[in-house]
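The values are calculated or read from the model by the stated rules, or taken from the named source; none is laboratory data. The shown structure was predicted, so the numbers you read here are calculated from the model rather than taken from an experiment. Glycine gets a Cβ as well: all are built from the backbone with ideal geometry, and neighbour counts include every protein chain shown. SASA here: full protein model, heavy atoms, side chains in, ligands and nucleic acids out. Shrake-Rupley method; radii C 1.70, N 1.55, O 1.52, S 1.80 Å.
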Amino acid sequence: MLFRVVINDSIKIVREWPKERIFRVKEELKKLGFKWTGEYWKGRVISPSVVMKLKDLLELSPDEVKKILESTLAENEGGAIGVEVESESELPDDVRECIIENVSDVKIISIPCFIRNFVRKDTKYIGKVESYEDYIDIALEEFKKRISNYPVVGNLELALERAREFLLESEKTREVFERRLSWWTAKVHENYVELNFLKKGLLKELGERLRIKYFKVDKEGNRQELEVPAIRRENIIKSPDGKWRLYFPQFFKKRIVEILRDLGYRVEIVEHVPRKIRNLQDKVNLYPFQEEALQKWLDNNCRGTIVIPTGGGKTFIALKAIAKLSVRTLILVITEELLEQWYQRIIKYLGYVPGRMSGKYDEMREITICTYHTAVKRIDEIRDYFDLVIADECHHVPAETFKEVMFYISAPYRMALSATVERSDGNEHLIFLACGEPIYKITYRELVKYGLVVPIRHYRIYVSLEEDEKEEYDAAKNILQLKSIALKARKKIDVACKIALVEHELGSKILIFTQYIQQAEEIYKKLRERIRDVALVTGSTRDRDTIFKNFAKGLIRIIVTTTVLDEGIDVPDADVAIIVSGTGSQRQMIQRVGRVVRATPGKREARVYEIVTRRTIEEALSENRHPKEEIEEIECKKILDKDLDRLLAKIRNTFAKLSM
């Protein structure tokens, strides 16, 4: 007797069974909701578990089971799919977790279950999406990849679409996504990143990928290459609310973002909002070359190093930049004297009374001048307060000091000012890292054409060691001893005084540079025996301001100094430099020469006398420090000390002719 069953309107099952069996089967079908139409039994199956019952009840073949499963899964509104596999263990763990039924070799997988688990556990994509909808699409693609190697039972695309619709309406899953998105969000500011947690491997990545190389010079002049992590333990701070703050050098911001994204964080860039200063005046007038330098800096996103020889008005370029941006500004200087010069110029040209921070002052304002040394001590206070930082005389600052300040200030706008970018320790790359590459450079010769500086006559006067000094020199055991003996040669004292007295007679203003306090004191003492308008300036001199003012007025005509005037002291109307002793650094030589090159009314040239000890290491030092492009020499002569009187007589005669 024929027995007919239609499942889900389309699957027809026909069996020829005896009446007794048909009676037994139809009773079971009634329990499953099937009804008699007059011709066949009809029913709808939406559960894979019912398929299993029908399999045994109707003696379904594998093909019939598969067809019924396909139609059943198509009825599943949440999205489910069958996967043919002999053992569950063959499936990926995250798929196996979502098996809801086993029908023979077909495993019924709940796609919403997979997606919910993905939303709770994923670390690969959570930081790369912007919306819940995008994240669900990624999860669906991941599901497709997971089952791509297995035969599928059912309409996969239809199941995926239904799962998507189901999950987009799930407020609970959306809330889980939003909580996790917030948890994985790293907020990157100009010089720090705020995190909810430190992912395993983050500190290792930062330590390996953010390193800074720099050079350290020991007492014997040997240069040692060092490498340090950009983010140290003390730069990683946990706040009371449980969040982490990692401070980093501002110029590593892009690399920080890359590392965070590589580790799965969602990166949110917190845009810097400059804090404007109101009512700044602008009384600064620039030469065309200064305008060009400023424009290149502005075009370079307000970052870069400006290289202009001493006397070229670097300060005025910076003042114009402050006036244009009108944002909170920190000016870093190396000495108290430079701090005072900036202070007076800001008042004069910008109409603003700035703050001062140093050993003498403790005033922080929207425009503040601060010594590098003080900035290191007060870094926590100044770190996030300013938008623009100007690094004056940056080539002078020790590498350790420079990086401790410039690496951890958040200011995005940066300007480095320098007469020469080359540093004796080879660390100019630190300047470029922190402030930007050189964007403008002008030669000394061009400044002469602008009438800002004068050309130079350079005389090298060679003296010899005394007999006892020669013996000591020959017995020296290292470079430091050789340098000390050569630079302190006694004959230098008399030669320096002779030159100074002649130039004094000619009405010149003279700076005498030495490397040693004792040497400076001897020269000063000897000159004081002949003239009164001479002063000694060392690091311990307290009334330097008074001395410089009197020097500018002509009440003092000679200043004898050590290395203190190497570091940016502004003596605009000096005419003559006498270099008694110094290092082999071009930088030092350029700075010393720079003290006498500024043009003043009636000034046609500057004279530089460099006293060198013959047949010693100082001859090599003299060659090394000789500026080649940074200054314009109209005369450069080498003269023995026995010919000095002839040279000075010639200078007297030339001066007399010019005065007629």
Pairs under 7 Å by beta carbon, first residue free of Cβ contacts under 8 Å to residues at least 40 places away in the same chain in region 142-164, partner among the hydrophobic types (A, V, I, L, M, F, W, C) and open to solvent by less than 40 Å² (accessible area, probe 1.4 Å), six or more apart or different chains?
-> Glu142/Phe118
Scanning for something more than 50 Å from the chain's Cα centre (by Cα) and open to solvent by 20 Å² or more (accessible area, probe 1.4 Å), does region 103-115 turn up at least one residue?
-> yes
Would you mention how many residues in region 475-492 are in contact (Cβ under 8 Å) with a residue 24 or more places away in the chain and either within 15 Å of Thr583 (Cβ to Cβ) or aliphatic (A, V, I, L, M) (or both)?
-> 9
Could you check Lys324 against (1) of a type outside the set (A, V, I, L, M); (2) closer than 26 Å to Leu430 by Cβ; (3) open to solvent by 20 Å² or more (accessible area, probe 1.4 Å) and say which number it fails?
-> (2)
When the residues of region 378-431 are filtered to those that are modelled with pLDDT of 85 or more and among the basic types (Lys, Arg), which remaining residue is farthest from Cys302 (Cα to Cα)?
-> Arg378
From (1) at pLDDT 90 or above; (2) over 25 Å from Gln481 (Cβ atoms); (3) part of a loop (DSSP other than H, G, I, E, B), pick out the condition that doesn't hold for Lys638.
-> (3)
Pairs, first modelled with pLDDT under 85 in region 213-238, second open to solvent by 60 Å² or more (accessible area, probe 1.4 Å) and of a type in the set (S, T, N, Q), C-beta under 7 Å, six or more apart = Phe215/Gln224; Lys216/Gln224; Asp218/Gln224
So is Glu142 open to solvent by less than 60 Å² (accessible area, probe 1.4 Å), of a type in the set (D, E, K, R) and either under 29 Å from Asn196 (Cβ atoms) or modelled with pLDDT of 90 or more (or both) or not?
-> yes
Since Tyr214 meets every condition but one in (1) more than 30 Å from Lys483 (Cβ to Cβ); (2) open to solvent by less than 40 Å² (accessible area, probe 1.4 Å), which condition does it not meet?
-> (1)
Every pair of residues 6+ apart whose Cβ atoms lie under 6 Å, when the first sits in region 113-132 and is touching a residue at least 40 places away in the same chain (Cβ under 8 Å) while the second is small (Gly, Ala, Ser) and open to solvent by less than 20 Å² (accessible area, probe 1.4 Å) | Ile115/Ala139; Thr123/Gly264; Gly127/Gly264
Candidates Val14, Val5 - the one that is more than 60 Å from the chain's Cα centre (by Cα), open to solvent by 20 Å² or more (accessible area, probe 1.4 Å), more than 30 Å from Ser170 (Cα to Cα) and among the β-branched types (Val, Ile, Thr) = Val14
So how many residues does region 336-355 have that are in contact with an Asp or Glu (Cβ under 6 Å, 6 or more places away or on another chain) and either surrounded by 22 or more Cβ atoms within 10 Å (Cβ to Cβ) or of a type in the set (Gly, Ala, Ser) (or both)?
-> 1
Filtered residues of region 481-524 (kept if of a type in the set (Lys, Arg) and touching a Leu at 6+ places or on another chain (Cβ under 9 Å)) | Lys483, Arg490, Lys491, Lys498
Unique match (being touching a His at 6+ places or on another chain (Cβ under 6 Å), modelled with pLDDT of 90 or more and at negative phi) among Val257, Val307, Val284, Val270 | Val270
Taking into account only those residues within region 488-535 that are within 27 Å of Thr616 (Cα to Cα) and touching a Phe, Trp or Tyr at 6+ places or on another chain (Cβ under 7 Å), which is least open to solvent (accessible area, probe 1.4 Å)?
-> Ile499
With (1) closer than 30 Å to Leu417 by Cα; (2) open to solvent by 60 Å² or more (accessible area, probe 1.4 Å); (3) assigned to a helix (DSSP H, G or I) as the list, and Arg457 as the residue in question, which single condition is left unmet?
-> (3)
Only one of these is within 30 Å of Ala599 (Cα to Cα), in contact (Cβ under 8 Å) with a residue 60 or more places away in the chain and touching a strand residue (DSSP E or B) at 6+ places or on another chain (Cβ under 8 Å): Arg557, Arg528, Arg544, Arg445. Name it.
-> Arg544
Residue among Leu91, Leu58, Leu29, Leu54 that alone is among the aliphatic types (A, V, I, L, M) and closer than 30 Å to Glu165 by Cα = Leu91
Take region 305-352 and flag every residue that is assigned to a loop (DSSP other than H, G, I, E, B) and touching a strand residue (DSSP E or B) at 6+ places or on another chain (Cβ under 9 Å).
-> Ile308, Pro309, Thr310, Gly311, Gly312, Ser326, Arg328, Ile334, Thr335, Tyr352
Within region 490-504, is even one residue outside any helix (DSSP H, G or I) and farther than 29 Å from Glu632 by Cα?
-> yes
Sort out which residues of region 44-58 are under 23 Å from Ile81 (Cα atoms), open to solvent by 10 Å² or more (accessible area, probe 1.4 Å) and in contact (Cβ under 8 Å) with a residue 12 or more places away in the chain, and write them in order of number.
-> Arg44, Ile46, Ser47, Pro48, Ser49, Val50, Met52, Lys53, Lys55
Within region 119-134, considering residues that are touching a helix residue (DSSP H, G or I) at 6+ places or on another chain (Cβ under 7 Å) and within 20 Å of Glu97 (Cα to Cα), the one most open to solvent (accessible area, probe 1.4 Å) | Arg120
Among the listed residues Glu227, Glu291, Glu234, which satisfies the condition of being charged (D, E, K, R) and either touching a strand residue (DSSP E or B) at 6+ places or on another chain (Cβ under 7 Å) or assigned to a loop (DSSP other than H, G, I, E, B) (or both)?
-> Glu227
Could you say whether any residue in region 368-375 is in a helix (DSSP H, G or I) and within 17 Å of the chain's Cα centre (by Cα)?
-> no
When you scan region 1-89 for helices (runs of 4 or more DSSP H) that lie fully inside it, which ones turn up with 2 or more residues that are under 30 Å from Lys144 (Cβ atoms)?
-> 48-57, 62-74
